[in-house]
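Engineer: Here you go, one structure.
Taken together, the values in this text are just the output of simple stated rules run on the coordinates, not laboratory data. Bear in mind that the values here come from a model prediction, so they are computed numbers and not experimental data. Glycine also receives a Cβ, built like all others from the backbone with ideal geometry; neighbour counts cover every protein chain displayed.
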Amino acid sequence: MDPIPPTLDDDGVMDFVATGLVVLEGLIGPSFNRRCDDLAPGNCDAFIASADFTREVLLHPQVAGVARSLLGADFLVPRGGHHHFFKEPHLGQTWHSDGLSGSGYDVTELQCYYYPHAVAIADGPTMVLPGSHCRAVDREAIAHYGDIRGQISLTVPAGTVVLTRYGIWHKAGPKTNDRSRSMIKFSYHRTASPQRDWRHDDPDIPAYRDRPRLDYVTEVESYRDRVRRIRTWKWLCGIDEPGHLRWEKSQPVSELLNA
Ligand SMILES: O=C(O)CCC(=O)C(=O)O
């Protein structure tokens, strides 16, 4: 028996394919959140690998349920990570992605942000750009970008966990107070070949139902986004026979010759 039930259904997975993130607000309770009060900045491998963090955060049924949905059975649970801590006011980071943004349409890693304390706009929240996770980009180039229409500031209640597709553009936003702000970052990885084994009733794999165009996306880029989303959806469903990426208006030559 699979001990971690998937929590996403087809629509939840399709949403993730389009936006690149799932936000679980206020999930972790106050008593565990308080355990992060004195966590030192930087590497926090021992804390993340601890039995308590594993139980309360990493294997929380909602967090692990999303990981199970998007990474398949027997996914790898993080045994380390990083505490992104800010106290002094600062101008904010530049846009960056930690992963190989645009390298493909697979989903093999989920990078997660856990906020043990509430984050308000003056605290310098993490900012993310939904849909940016599948763009082929030069990391140094996007560092020059300013505000982008559709960007989100993750102003969240304490105990929020955000699961993102590795490669999503993000940054710490500008901070105007001197209150401590914590974000604990860790990643789950896939070991299983992709298949549609998240929650579903109908055994037939549905076609990808496209999501609305993102605010910053032009008409042409939105077409490219749609193709990228379809490819990611098919990859996740385990449809990888040769030719599955064919243009929908084309037809195999054998069908034409035998018609
Ligand atoms: O602390 C944050 O909000 C983001 C920091 C981050 O992701 C980074 O430095 O790579």
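Engineer: Multiply the residue gap between L257 and R34 by 0.36 nm, knock off their C-alpha separation, and tell me the result in nm, one decimal place.
Structural biologist: 73.4 nm
Engineer: Follow-up question, since we're still on this one. Lysines within cross-link reach of K249: Cα-Cα under 30 Å, excluding same-chain residues under 8 positions apart?
Structural biologist: The qualifying lysines are K234.
Engineer: Under the rule of at least 5 residues apart or a separate chain, name every residue whose amide H is placed under 5 Å from the amide H of L76.
Structural biologist: Under 5 Å from the amide H of L76: H189, R190, T191.
Engineer: Let me ask another. When the helices in the chain are scored as -39500 (n - 2.57) per DSSP H run of 4 or longer and the sum is shared across all residues, what 222 nm value do you end up with, to the nearest 500 deg cm²/dmol?
Structural biologist: Result for the chain: -6500 deg cm²/dmol, rounded to the nearest 500.
Engineer: Cα convex hull of the chain: how many Å³ per residue?
Structural biologist: Measuring per residue, one finds 141 Å³ for the Cα hull of the chain.
Engineer: So if each residue of separation counts as 0.36 nm, and I subtract the Cα-Cα distance between D52 and D11, what length gain in nm does that give?
Structural biologist: This chain segment gains 11.5 nm when fully extended.
Engineer: Check which residues have an amide H placed less than 5 Å from T126's amide H, if you skip close sequence neighbours.
Structural biologist: L154, G173
Engineer: What residue among T164, T191, T218 shows peak mean-square fluctuation when the chain is described by a Gaussian network model with Cα springs under 10 Å?
Structural biologist: T218
Engineer: Neighbouring Cβ atoms within 10 Å as the yardstick, rank S254, S97 fewest first.
Structural biologist: S254, S97
Engineer: Arrange S182, S132 by Cβ neighbour counts within 10 Å, fewest through most, would you?
Structural biologist: Neighbour counts put them in this order, fewest first: S182, S132.
Engineer: On full extension of the chain, what length is gained from H82 through D138, given 0.36 nm per residue of separation minus the C-alpha to C-alpha distance?
Structural biologist: 17.8 nm
Engineer: Additional query: Ratio of Rg to Rh for the range 115-227, alpha carbon only, Kirkwood?
Structural biologist: Here the Rg-to-Rh quotient is 1.02.
Engineer: Another question, if that's okay. Please give every one of the lysines within straight-line cross-link reach of K171, meaning a C-alpha to C-alpha distance under 29 Å, and leave out same-chain neighbours fewer than 8 residues apart.
Structural biologist: Output for K171: K87, K185.
Engineer: What percent does the relative contact order of the range 1-103 come to when contacts are Cα pairs within less than 8 Å and at least six residues apart?
Structural biologist: 39
Engineer: How large is Rg/Rh for the range 39-117, to two decimals, with Cα atoms and a Kirkwood Rh?
Structural biologist: 1.00
Engineer: For the pair D240 and D201, what calculated FRET efficiency results from E = 1/(1 + (r/R0)^6), where r is the Cβ-Cβ distance and R0 = 30 Å, to the nearest 0.05?
Structural biologist: According to the calculation, E is roughly 0.80.
Engineer: If you rank C237, C112 by fewest surrounding Cβ atoms within 10 Å, what's the result?
Structural biologist: C237, C112
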